[in-house]
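To start, the structure itself, in structure tokens.
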Amino acid sequence: MTTSGTYTFNPSLGEVVLNAYARIQVRRTEIEVSHMQDARMESNLLLAGPLGNLQPNLWTVDLQTVSLVQGTATYTVPAETIMILDAYISYGNPTIDRMIFPISRTEYASYPNKTQQGTPSVFWYDRLIAPTITLWSVPDGNSTYTLKYYRVRQIQDAEFTNAQTIEVPFLWLDAFTAGLAHRLSRIYAPQLEQIRKMDAEEAWSLAAKQGVENVPMMIVPSIGGYFR
């Protein structure tokens with residue numbers, strides 16, 4: 001058996017758009033500038049919608065590091081951050097990593113002394129257009145603290161220039177193409193919208209099953225109160 005021996009299939013956005021139009025029976029010879037303008041807009045709305053909202057995309061997770069300052073509780077978060085998954089504080093020599101846990105705006109508001117200094121133990125992620133993270137306790141001067149957190153960032157913009165590819169991994173290419181075909185059918189082939197929707201949902205479901213960390217999950221009930 002002869003195979004390619006390569007793993008380089010990664011079509012440009014332009015190639016994906018042409019295939020998406022083919023799925024709704026718009027042939028290449030029929031495509032005009034307005035078709036491509038609509039495709040660019042729908043591609044980015046697709047990234048902002050289903051592909052950006054339905055689950056954490058593992059390929060967009062990275063580790064951010066922030067040096068903390070004594071007496072400073074609030075720090076800026078990069079604007080492309082969608083959510084914070086895990087956070088911990090590094091300090092001491094040798095270095096110790098200590099998990100900190102999220103709280104809500106209401107919980108933070110309930111703290112009577114928001115300037116209390118110590119080793120941070122919780123954080124409030126304020127999801128503004130210019131997001132911030134606020135720590136409590138406020139970092140003190142007893143050690144040099146570093147905040148580290150894993151965040152999900154938004155997928156990079158989809159653009160046609162220089163044959164750019166889409167920032168999605170191999171296993172998500174069909175889900176992106178099917179989703180784009182569905183969105184374009186609303187404009188150019190409304191009679192196909194329902195079948196394109198079904199195809200998009202099936203493709204997303206298949207990709208989403210692989211887009212998770214394959215680790216055991218353990219659920220442990222909190223029963224300490226029964227043994228006082």
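Structural remarks
- If you go through the range 1-25 and keep only what is surrounded by 12 or more Cβ atoms within 10 Å (Cβ to Cβ), within 15 Å of Phe170 (Cβ to Cβ) and among the hydroxyl-bearing types (Ser, Thr, Tyr), you end up with just Ser12.
- Among (1) touching a residue at least 24 places away in the same chain (Cβ under 8 Å); (2) over 16 Å from the mean Cα position of the chain (by Cα); (3) closer than 30 Å to Gln70 by Cα - the single one Ile129 does not satisfy: (2)
- If you go through the range 20-61 and pick out every residue that is assigned to a helix (DSSP H, G or I) and either touching a Pro at 6+ places or on another chain (Cβ under 6 Å) or over 30 Å from Asn214 (Cβ atoms) (or both), you end up with 20.
So that you can scan it fast, the table gives a plain yes or no per residue for (1) in contact (Cβ under 8 Å) with a residue 12 or more places away in the chain; (2) in a helix (DSSP H, G or I); (3) aromatic (Phe, Trp, Tyr); (4) touching a strand residue (DSSP E or B) at 6+ places or on another chain (Cβ under 7 Å):
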site	(1), (2), (3), (4)
Ala109	no, yes, no, no
Tyr125	yes, no, yes, yes
Ile133	yes, no, no, yes
Gly141	yes, no, no, no
Arg151	yes, no, no, yes
Asn162	no, yes, no, no
Trp172	yes, yes, yes, no
Phe176	yes, yes, yes, no
Leu180	yes, yes, no, no
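- Residue match in the range 71-93 (condition: in contact with a strand residue (DSSP E or B) (Cβ under 6 Å, 6 or more places away or on another chain), closer than 14 Å to Lys148 by Cβ, open to solvent by 80 Å² or more (accessible area, probe 1.4 Å) and not polar (S, T, N, Q)): no
- Contacts under 7 angstrom Cβ, first residue in the range 19-48 being without any contact (Cβ under 8 Å) to a residue 24 or more places away in the chain, partner open to solvent by less than 80 Å² (accessible area, probe 1.4 Å), 6 or more apart: Arg28/Leu18; Ile31/Tyr21
- Residue identified as open to solvent by less than 40 Å² (accessible area, probe 1.4 Å), more than 20 Å from Met36 (Cα to Cα) and among the hydroxyl-bearing types (Ser, Thr, Tyr) among Thr132, Thr144: Thr132
The values are calculated or read from the model by the stated rules, or taken from the named source; none is laboratory data. Just so we're clear, the structure is a prediction, and the values are computed from it rather than from any experiment. Every residue, glycine as well, gets a Cβ built from its backbone with ideal geometry; the counts of neighbours run over all protein chains shown. Remember, those area values only see protein heavy atoms, side chains included, never the ligands or the DNA or RNA. Shrake-Rupley method; radii C 1.70, N 1.55, O 1.52, S 1.80 Å.
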